[in-house]
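Q: Here you go, one structure.
The values are calculated or read from the model by the stated rules, or taken from the named source; none is laboratory data. Keep in mind it's a predicted model, so treat the numbers as computed, not measured. We place every Cβ from the backbone using ideal geometry, glycine too, and count neighbours over all the protein chains shown. Heavy atoms of the whole protein, side chains included, go into the accessibility calculation; ligands, DNA and RNA do not. Shrake-Rupley method; radii C 1.70, N 1.55, O 1.52, S 1.80 Å.
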Amino acid sequence: MAILAPSILAADFSVLAEELGKAGRAGAGLIHVDVMDGHFVPNISFGAGVMKCLLGKTSLPFDVHLMIENADLHIPDFVTENTEYITVHQEACPHLNRSLALIRASGAKPGVALNPATPLSTLECVLLDVDLVLIMSVNPGFGGQKFLASSLEKIRRLKGMREEKGLAFRIEVDGGVNLENAAELAAAGADIFVAGSALFGAENVNGWAKFFDRSQN
Ligand code: DX5
Ligand code: ZN
């Protein structure tokens, strides 16, 4: 089943709680929370305090994407009653097994993210430990970038690896996702679709709602 995860990075921060309504109307199953530290990625977004302002404003689970160094120090801050996934970057976590174990022990589901240039082979030793693999289809740091088509083949191969190993982690795609490439991404094997600017920038989210309508999946 395809799940939509709108990225609030592209929302109007001055009315963030209202923007959740738009995400809901678009058919969101998760709220994607992009945390950037200005070190691992060349931009600063927001921290756990902002995310926690949304508690009680939505029943949708949070899908936290940590684009930060020293993730282990900050993981506990992101564990809330709404938090479902916490994803760290392979490139930013020198002790990745430890970071993933920390997430699991905190009660959240661990995810690992790969930048476009990082090969799938780097996941070989952690696939058993994750509930989600996030394939970046742009270089992280900014919303509104162009989708990198090379991620389609990466998703296909990851799906193949999942089948071969008999695993059940979700495959998430993040960056430049829109209604033009969503069907191709679904066919390649994506389960969770992060959408920022294409969703919050749209006047009308009916197209998203139609694509992610549960009855159609
Ligand atoms: C990129 C973030 C993405 C991004 C998605 O660093 O992880 O979640 O904001 O935004 P769009 O859909 O605009 O590429
Ligand atoms: Zn993200």
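Q: Taking the alpha-carbon distance from LYS57 and a cut-off under 27 Å, which lysines remain once sequence neighbours fewer than 8 residues away in the same chain are dropped?
A: Result set, ordered by chain and number: LYS22, LYS109, LYS210.
Q: Still on this structure, I have one more. If you plug each phi of segment 44-60 into the Karplus form 6.51 cos²θ - 1.76 cosθ + 1.60 with θ = phi - 60°, what whole-Hz ³J(HN,Hα) values come out, in order, with x for Gly and Pro?
A: For segment 44-60, the Karplus curve yields 10, 10, 7, x, 5, x, 5, 4, 5, 4, 8, 5, x, 9, 8, 9, 6 Hz.
Q: Accessible area per residue of the chain at 1.4 Å probe, in Å²?
A: 44 Å²
Q: Additional query: Going by accessible area, probe 1.4 Å, with all protein chains left in place, what is the ranking of SER7, SER14, SER106, largest first?
A: SER14, SER106, SER7
Q: Magnitude of the Cβ-charge dipole of segment 35-132, K/R +1 and D/E -1, about the Cα centre, nearest 20 debye?
A: 200 debye
Q: Classify segment 109-184 as rounded, prolate or oblate, taking a ≥ b ≥ c as the square roots of the eigenvalues of its Cα gyration tensor: rounded when a/c is under 1.5, otherwise prolate if a/b is larger than b/c and oblate if not.
A: Working: a/c = 1.94, a/b = 1.61, b/c = 1.20.
Prolate, since a/c reaches 1.5 and a/b exceeds b/c.
Q: Here's another thing I want to ask about it. Please report, to two decimal places, log10 I(q)/I(0) for segment 3-215 at q = 0.11 Å⁻¹ as given by the Debye formula with identical point scatterers on the Cα atoms and no solvent.
A: Each listed q maps to, in turn, -0.46.
Q: So what J values fall out for segment 146-154 if you push phi through Karplus, 6.51 cos²θ - 1.76 cosθ + 1.60 with θ = phi - 60°, rounded to Hz, Gly and Pro as x?
A: Using θ = phi - 60°, the values come out as 7, 4, 8, 5, 4, 5, 4, 5, 5 Hz.
Q: Out of residues 5 or more away from ALA195 or on other chains, whose amide H comes under 5 Å of its own, with H placed 1.01 Å from N in the peptide plane?
A: ALA5, SER7
Q: Could you size up the charge dipole of segment 52-208 around its Cα centre, putting +1 on the beta carbon of Lys and Arg and -1 on that of Asp and Glu, and report it in debye to the nearest 20?
A: I would put it at about 120 debye.
Q: State the extension gain, in nm to one decimal, for the chain segment bounded by LYS146 and LEU127, taking 0.36 nm per residue of separation less the distance between their alpha-carbons.
A: That pair, LYS146 and LEU127, stretches by 4.0 nm at full extension.
Q: While we're on this one: Distance in nm between label sites at ASN139 and LYS57, each 7 Å beyond Cα in the beta-carbon direction?
A: Distance between label points: 3.2 nm.
Q: Around ASN43, under 10 Å between beta carbons, what's the net of Lys plus Arg minus Asp minus Glu among the other residues?
A: Result for the local shell: -2.
Q: Taking all protein chains together and a probe of 1.4 Å, list ILE44, ILE3, ILE155 from the most accessible to the least accessible. Each step should come with its number before you reach the end.
A: Numbers: ILE44 125, ILE3 25, ILE155 0 Å².
In descending accessible area the options line up as ILE44, ILE3, ILE155.
Q: Counting only protein heavy atoms and a 1.4 Å probe, tell me what percentage of segment 3-215's accessible area is made up of carbon and sulfur.
A: 51 percent
Q: Using a Förster distance of 45 Å, how high is the FRET efficiency between LYS165 and SER14, based on the Cβ-Cβ distance and rounded to 0.05?
A: Between LYS165 and SER14 the formula returns 0.50.
Q: Can you give the net charge of the other residues whose Cβ lies under 13 Å from the Cβ of ALA71, counting K and R as +1 and D and E as -1?
A: -4
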